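Student: One structure follows; several queries about it will come next.
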Amino acid sequence: MIGLISYLVFFTTVAAILSIAVLGLNLQWGNSGLFNGGVVAFFGAGAYTTLILGGTPQEAHLGGYQLFYPLALAGGMVAAGVMAWVVGILTLRLRHDYLAIATFGVAVAFENLMRNAEWLAGGAQGLRGFERPLHAWLGDGFTYNALFLIFVLLLLIGTYLFLQRLILSPFGRLLRAIREDEIAARSLGKNPARIRLTAFVIGSVIMGLAGGLYATFYAFISPQDVLPILTFQIWAMLIVGGAGNARGAVAGAFLIWAAWTASGWGLSRFAPVDLQLYTGSIQFVLIGLVIVGMLLWRPQGLFPEKLVVSQSGRH
Amino acid sequence: MAKRATAPEATFSAQKGLKPSDKDVILSLQRVSRDFDGFLAVNDVSFDIQRGSITGLIGPNGAGKTTLFNVLTGMLDPTAGQVFLDGHAVSGKSPDQLFTQGLGRTFQIPRPFARMSVLENVMLAPMAQLGEKWYGSFLDRKKVVQQEALIRDRAMETLEFVTLDSLADRAAGQISGGQMKLLELARVLMGDPQLILLDEPAAGVNPTLTGTLIEKIEDLNRQGKTFVIIEHDMDFVMQHCNPVIALAEGKIVFQGSPEEALANPVLLDAYLGAQAND
């Protein structure tokens with residue numbers, strides 16, 4: 001029983017962290033129409049920076065600044081935001097598929113850099129030497145994990161409320177207008193380039209927050225955590241949940257994460273032994289099938305976007 | 001070589017090189033051309049638009065009318081010549097900059113923000129909204145809320161003016177094509193531009209809505225707004241526009257009053273002739 005509960009805590013923590021990343025992507029794609037194909041790079045920037053800033057001194061690579069944890073986490077978000085700003089200035093003139101390809105390339109480059117630049121972040125070995133905040137007080141047990149889950153859930157709720165207010169504001173109206181018709185928005189005096197860059201940076205900062213929490217949870221990050229598959233998982237979560245609908249995005253994150261873990265477990269348990277070797281690859285195929293299937297049969301997702309109305313015509 | 005009709009009154013002062021110092025001229029084109037890889041869609045076009053007028057821009061399909069609109073609104077740069085808005089050279093400025101300088105437009109094929117409500121479409125347009133900065137609704141919430149209430153009221157008034165208030169909460173993609181044209185007019189009006197360019201406002205609109213549209217245009221014109229209207233409906237142009245400018249193959253073939261237009265053989269040949277062959 002305790003085993004099940006602690007597994008549920010573990011599962012919910014990861015799903016909630018991924019939900020935050022999906023909310024970031026929802027701002028970019030669902031609300032603003034920006035096709036970010038490199039989610040994992042911004043997630044990774046947050047993860048790596050949080051550990052570098054908050055970790056204990058290491059000989060082999062950068063880091064060990066032992067910053068107060070909230071500052072380290074904020075630093076991760078800033079790093080993701082700065083990276084998004086630079087990438088955004090270079091690529092946001094591109095639309096849709098071209099933007100997706102460019103950002104995908106950024107993510108692959110990020111992973112390669114982390115894998116090869118050992119002086120920076122430990123290379124393939126990953127970043128070690130991070131102690132989870134309040135670890136000395138709370139130990140490693142169930143209490144710690146339960147409290148950490150609450151912390152993550154509070155941040156998820158905070159992110160959700162922040163984004164709700166944002167998309168109901170005149171700024172949110174601008175985002176939707178540019179998503180719908182950039183030419184018409186320009187003819188009404190709006191400057192799409194600046195607005196898209198802002199949305200891209202804010203979404204990426206949120207992904208950086210998710211990355212920082214993820215790295216905190218495992219007290220470790222390595223290039224294996226920033227593979228392109230994570231980008232696809234997060235996209236699958238958004239597409240299944242319903243792009244443009246924040247609640248759908250969170251539901252999608254939990255559903256896809258449940259399906260992912262269940263398929264991993266099911267395959268390792270029931271698949272013939274000679275197929276076990278390919279469990280990971282089969283899961284990749286399954287994620288691809290889910291994305292393609294949804295786009296074919298229910299492109300609006302399980303929870304379609306409702307008309308977002310900042311102000312109603314009724315008195 | 002088309003012979004240029006004599007200009008009525010002082011409407012057309014576009015002799016070459018003349019500076020648009022005349023305060024009654026809101027828009028002045030001087031030898032404007034636009035080239036697409038050797039194809040001259042707009043060829044050495046000069047004219048002045050008088051403040052407070054409703055100018056009809058006519059010509060057969062492919063005459064360069066919409067290209068000219070796109071040049072005037074900054075969506076395309078002219079390859080030669082200069083455009084003056086209120087006496088300021090504006091060639092090379094972007095559409096969003098021109099809108100803030102008082103030039104609004106609608107599109108031949110309506111461009112509603114389909115997955116936004118009709119009201120939101122209209123509320124988007126006012127310039128310099130405090131909440132347009134992403135942090136506005138967090139740091140200056142009270143002011144943003146107040147401003148939103150004002151903008152909302154004005155938007156509802158504008159929707160009432162174009163008779164769309166009952167559709168305020170409907171998705172803009174779900175209203176009829178004619179209603180979309182009215183919606184575009186409402187959107188543009190929210191920015192309070194002095195000069196409004198309408199690209200085929202009556203095309204595909206049922207006669208009742210066209211009537212409404214004409215009424216609204218004339219209302220606004222009485223309030224001092226200047227219009228330039230591309231329109232194929234000759235009755236519309238002859239009844240409501242003065243002066244009339246005709247383009248064919250990128251060049252001006254006629255400018256003058258509607259009465260003169262009806263009597264002009266060049267115009268009949270270039271416009272009505274080509275139209276008959278469509």
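The values are calculated or read from the model by the stated rules, or taken from the named source; none is laboratory data. Fair warning: this is a prediction, and the values are worked out from it, not measured in the lab. Methodologically, a virtual Cβ is constructed for each residue, glycine included, from the backbone with ideal geometry; neighbour enumeration extends over all protein chains shown.
Student: Of (1) of a type in the set (F, W, Y); (2) exposed (fewer than 13 other Cβ atoms within 10 Å of the Cβ); (3) within 17 Å of A:Y7 (Cβ to Cβ), A:W137 satisfies all except one. Which?
Tutor: With respect to (1) of a type in the set (F, W, Y); (2) exposed (fewer than 13 other Cβ atoms within 10 Å of the Cβ); (3) within 17 Å of A:Y7 (Cβ to Cβ), A:W137 is out only on (3).
Student: Select from segment A:11-27 the residues that are crowded, with 24+ Cβ neighbours inside 10 Å and touching a Ser or Thr at 6+ places or on another chain (Cβ under 8 Å) and write down the one among them that is nearest to A:S222 (Cα to Cα).
Tutor: It comes out as A:I20.
Student: When both residues are 6+ apart or on different chains and their Cβ atoms are under 9 Å apart, which pairs have a first residue that lies in segment A:82-109 and is of a type in the set (S, T, Y), and a second that is part of a helix (DSSP H, G or I) and surrounded by fewer than 16 Cβ atoms within 10 Å (Cβ to Cβ)?
Tutor: Hits for this filter: A:T91/A:Y98.
Student: Which condition number does A:R196 fail, the rest of (1) under 22 Å from B:A128 (Cβ atoms); (2) at pLDDT 95 or above being met?
Tutor: Going through (1) under 22 Å from B:A128 (Cβ atoms); (2) at pLDDT 95 or above one by one, A:R196 breaks only (2).
Student: Looking for something within 13 Å of chain B (Cβ to nearest Cβ), in contact with a Gly (Cβ under 6 Å, 6 or more places away or on another chain) and more than 30 Å from B:P95 (Cα to Cα) - is there at least one such residue anywhere in segment A:173-182? Before the answer, list the steps.
Tutor: Kept after step one, since they are within 13 Å of chain B (Cβ to nearest Cβ), are these residues of segment A:173-182: A:173-182.
Narrowing the set further to residues that are in contact with a Gly (Cβ under 6 Å, 6 or more places away or on another chain) leaves A:179.
Adding the requirement that they be more than 30 Å from B:P95 (Cα to Cα) leaves none.
Within segment A:173-182 (the criterion being within 13 Å of chain B (Cβ to nearest Cβ), in contact with a Gly (Cβ under 6 Å, 6 or more places away or on another chain) and more than 30 Å from B:P95 (Cα to Cα)), the answer is no, since none of the residues qualifies.
Student: From (1) surrounded by fewer than 17 Cβ atoms within 10 Å (Cβ to Cβ); (2) at pLDDT 90 or above; (3) out of contact with any strand residue (DSSP E or B) (no Cβ under 7 Å at 6 or more places or on another chain), pick out the condition that doesn't hold for B:R170.
Tutor: (3)
Student: Quick one: B:T163 ticks every box in (1) in a helix (DSSP H, G or I); (2) modelled with pLDDT under 95 except a single one, so which number is it?
Tutor: The failed condition is (1).
Student: With (1) aliphatic (A, V, I, L, M); (2) in contact with a Pro (Cβ under 9 Å, 6 or more places away or on another chain); (3) within 12 Å of chain B (Cβ to nearest Cβ) as the list, and A:I239 as the residue in question, which single condition is left unmet?
Tutor: (3)
Student: With the structure loaded, tell me whether B:M180 is out of contact with any Cys (no Cβ under 7 Å at 6 or more places or on another chain), touching a residue at least 60 places away in the same chain (Cβ under 8 Å) and farther than 18 Å from A:I167 by Cβ or whether it fails that test.
Tutor: Details: out of contact with any Cys (no Cβ under 7 Å at 6 or more places or on another chain): yes; touching a residue at least 60 places away in the same chain (Cβ under 8 Å): yes; farther than 18 Å from A:I167 by Cβ: yes.
Here the answer is yes, as B:M180 does meet what is asked.
Student: Tell me which residues, restricted to segment B:108-131, are of a type outside the set (G, A, S), facing chain A (nearest Cβ under 7 Å) and buried (at least 23 other Cβ atoms within 10 Å of the Cβ).
Tutor: Kept after step one, since they are of a type outside the set (G, A, S), are these residues of segment B:108-131: B:108-113, B:115-116, B:118-124, B:126-127, B:129-130.
Still in the running and facing chain A (nearest Cβ under 7 Å): B:111, B:113, B:115-116, B:119-120, B:123-124, B:127, B:129.
B:F113, B:M116, B:L119, B:E120, B:M123, B:L124 - these are the residues of segment B:108-131 that are of a type outside the set (G, A, S), facing chain A (nearest Cβ under 7 Å) and buried (at least 23 other Cβ atoms within 10 Å of the Cβ).
Student: Being in a loop (DSSP other than H, G, I, E, B), within 7 Å of chain A (Cβ to nearest Cβ) and not hydrophobic (A, V, I, L, M, F, W, C), is that true of even one residue in segment B:134-156? I'd like the intermediate steps shown before the answer.
Tutor: We begin by selecting, within segment B:134-156, every residue in a loop (DSSP other than H, G, I, E, B); these are B:134-135, B:140.
Those left that are additionally within 7 Å of chain A (Cβ to nearest Cβ): B:134.
Next, from what is left, pick out any that are not hydrophobic (A, V, I, L, M, F, W, C): none.
No, segment B:134-156 contains no residue that is in a loop (DSSP other than H, G, I, E, B), within 7 Å of chain A (Cβ to nearest Cβ) and not hydrophobic (A, V, I, L, M, F, W, C).
Student: Among the numbered conditions (1) outside any loop (DSSP other than H, G, I, E, B); (2) over 30 Å from A:G123 (Cβ atoms); (3) out of contact with any Gly (no Cβ under 7 Å at 6 or more places or on another chain), tell me where A:G33 comes up short.
Tutor: Unmet for A:G33, out of (1) outside any loop (DSSP other than H, G, I, E, B); (2) over 30 Å from A:G123 (Cβ atoms); (3) out of contact with any Gly (no Cβ under 7 Å at 6 or more places or on another chain): (1).
Student: Every residue in segment A:135-146 that is among the hydrophobic types (A, V, I, L, M, F, W, C) and either in contact (Cβ under 8 Å) with a residue 40 or more places away in the chain or under 29 Å from A:A246 (Cα atoms) (or both), please.
Tutor: Pass one, segment A:135-146, residues among the hydrophobic types (A, V, I, L, M, F, W, C): A:136-138, A:142, A:146.
Once the filter is applied, which keeps residues that are among the hydrophobic types (A, V, I, L, M, F, W, C) and either in contact (Cβ under 8 Å) with a residue 40 or more places away in the chain or under 29 Å from A:A246 (Cα atoms) (or both), segment A:135-146 yields A:F142, A:A146.
Student: I need the full set of residues from segment B:179-211 which are away from chain A (no Cβ under 13 Å), of a type outside the set (A, V, I, L, M, F, W, C) and not in a helix (DSSP H, G or I), in order please.
Tutor: Hits for segment B:179-211 are B:Q194, B:E200, B:P201, B:G204, B:N206.
Student: Same structure again: Can you find even one residue in segment A:147-158 that is under 22 Å from A:V14 (Cβ atoms), within 14 Å of chain B (Cβ to nearest Cβ), touching a residue at least 12 places away in the same chain (Cβ under 8 Å) and not in a loop (DSSP other than H, G, I, E, B)?
Tutor: Checking segment A:147-158: not a single residue is under 22 Å from A:V14 (Cβ atoms), within 14 Å of chain B (Cβ to nearest Cβ), touching a residue at least 12 places away in the same chain (Cβ under 8 Å) and not in a loop (DSSP other than H, G, I, E, B).
Student: Now for a different question. Tell me which helices (runs of 4 or more DSSP H) are completely within segment A:176-250 and hold 2 or more residues being more than 30 Å from B:G104 (Cβ to Cβ), or say none if there are none. Give the steps one after another, and end with the answer.
Tutor: Values: elements: A:182-187, A:192-218, A:228-241.
Helices (runs of 4 or more DSSP H) meeting the threshold: A:192-218, A:228-241.
Student: From A:L275, A:L307, which residue is within 14 Å of chain B (Cβ to nearest Cβ), over 20 Å from the mean Cα position of the chain (by Cα) and of a type in the set (A, V, I, L, M, F, W, C)?
Tutor: Values: A:L275 fails: within 14 Å of chain B (Cβ to nearest Cβ).
Going through A:L275, A:L307 in turn, just one is within 14 Å of chain B (Cβ to nearest Cβ), over 20 Å from the mean Cα position of the chain (by Cα) and of a type in the set (A, V, I, L, M, F, W, C): A:L307.
Student: Moving to a separate point now. Looking only at segment B:94-106, which residues are more than 7 Å from chain A (Cβ to nearest Cβ) and crowded, with 19+ Cβ neighbours inside 10 Å?
Tutor: Passing the criteria: B:L98, B:L103, B:G104, B:T106.
Student: Here's a follow-up. Being touching a Pro at 6+ places or on another chain (Cβ under 7 Å) and either among the aliphatic types (A, V, I, L, M) or over 15 Å from A:N26 (Cα atoms) (or both): is that true of A:I229 here?
Tutor: Working: touching a Pro at 6+ places or on another chain (Cβ under 7 Å): no; either among the aliphatic types (A, V, I, L, M) or over 15 Å from A:N26 (Cα atoms) (or both): yes.
It is false that A:I229 is touching a Pro at 6+ places or on another chain (Cβ under 7 Å) and either among the aliphatic types (A, V, I, L, M) or over 15 Å from A:N26 (Cα atoms) (or both).
Student: To continue, here is another question. Looking for something at the interface with chain B (Cβ under 10 Å from one of its Cβ atoms) and modelled with pLDDT under 95 - is there at least one such residue anywhere in segment A:210-233? Outline the logic, then answer.
Tutor: Of all residues in segment A:210-233, those at the interface with chain B (Cβ under 10 Å from one of its Cβ atoms) come to none.
No; the residues of segment A:210-233 include none that is at the interface with chain B (Cβ under 10 Å from one of its Cβ atoms) and modelled with pLDDT under 95.
Student: State which residue is nearest to A:G30 (Cα to Cα) when the search covers only segment A:247-302 and only residues that are in contact with a Gly (Cβ under 7 Å, 6 or more places away or on another chain) and among the polar types (S, T, N, Q).
Tutor: A:Q300
Student: Something else: Is there a residue being under 13 Å from B:L119 (Cα atoms) and of a type in the set (D, E) anywhere in segment B:171-191?
Tutor: For segment B:171-191, residues under 13 Å from B:L119 (Cα atoms) and of a type in the set (D, E): present.
Student: Can you tell me which residue among A:R132, A:R173 is under 25 Å from A:V308 (Cβ atoms) and either surrounded by 14 or more Cβ atoms within 10 Å (Cβ to Cβ) or aromatic (F, W, Y) (or both)? Step through it out loud before you land on a result.
Tutor: Working: A:R132 fails: under 25 Å from A:V308 (Cβ atoms).
After applying the criteria, what remains is A:R173.
Student: When segment A:110-122 is examined, which residues are found to be touching a residue at least 40 places away in the same chain (Cβ under 8 Å) and touching a helix residue (DSSP H, G or I) at 6+ places or on another chain (Cβ under 7 Å)?
Tutor: Matches in segment A:110-122: A:F110, A:E111, A:M114, A:R115, A:A121.
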